[in-house]
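Please treat every number below as a calculation from the coordinates, not as lab data. Since the model is a prediction, treat every value here as computed from it, not as a measurement. So basically every Cβ, Gly included, is an ideal-geometry build from the backbone, and we count neighbours across all protein chains shown.
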Amino acid sequence: MIELYNNTLIDLLRLPSRSVGCGPPKLSVRQDRAGSVQVDRLFEREVQDAAELKALLDKGLAQRRVAASTMNIKSSRSHLVFTIRVTSVNPVTRETLSGKILLCDLGGSERLKKTEAAGDQRKEAIEINKSLTALGDVIEAIARKQRQIPYRNHKLTQIMQDSLGGTAKTLMFVNCSPAWSNINETVMSLTYAARTKRITNFGTPSSSS
């Protein structure tokens, strides 16, 4: 489980080091020869059932960064990425099949004037908005079937590279406020989702919102 905070990747499942002067290991994103995204030095835990998986998810959620703003008393100050790798083995042929589910809880785009963010929260909001812009650029490039997709413009899009386009099935869930005072944010969110819905892979819709 990864927290993307101020363009820094933080492993939420690794216990802090007790050694003096030793911080968490630096995580880096790369692609292997098969095109699968790998995060070096990320702590992975093997689980046997849904209960163990939920326990890990709860552990990561408990450590994510939140803060109060004038628009949200528990505003996410980062993006949260939870990757589930599933491997099945045929008991007869011993053939192995692997798949991946990437769950990404995106921090919301913020208007600094409305949230009244200041200091570190202001810097966090700026970084969140930058990453969402980078993700929007990738979505637009995929929808237009451009040859060059700007995945490398941000760590968020690097992590999500094999979960967008190609043979991936992408689902986007958008939370909208019912308050009239937030109409601008609601329209912006729905416009963002509409762009995602235009993505098609091999003639079959791959994204829905």
**Prompt:** In this model, which of Lys26/Lys130; Lys59/Lys169; Lys100/Lys169; Lys59/Lys155; Lys54/Lys100; Lys145/Lys169 are farther than 18 Å apart at the alpha-carbon?
**Reply:** Lys26/Lys130; Lys59/Lys169; Lys59/Lys155
**Item:** Backbone N within region 23-45 under 17 Å of label point (7 Å from Arg85 Cα along the Cβ vector)
**Value:** 27-45
**Request:** Output the direction-averaged projected area (hull surface divided by four) of the convex hull of the alpha-carbon atoms of region 134-180, in nm².
**Result:** 4.4 nm²
**FRET efficiency, Ile126 to Leu97 (Cβ-Cβ, R0 35 Å, nearest 0.05)** = 0.25
**Request:** Compute the length gained on full extension between Lys26 and Arg198: take 0.36 nm times their separation in residues and subtract their Cα-Cα distance, giving the result in nm to one decimal.
**Result:** 58.4 nm
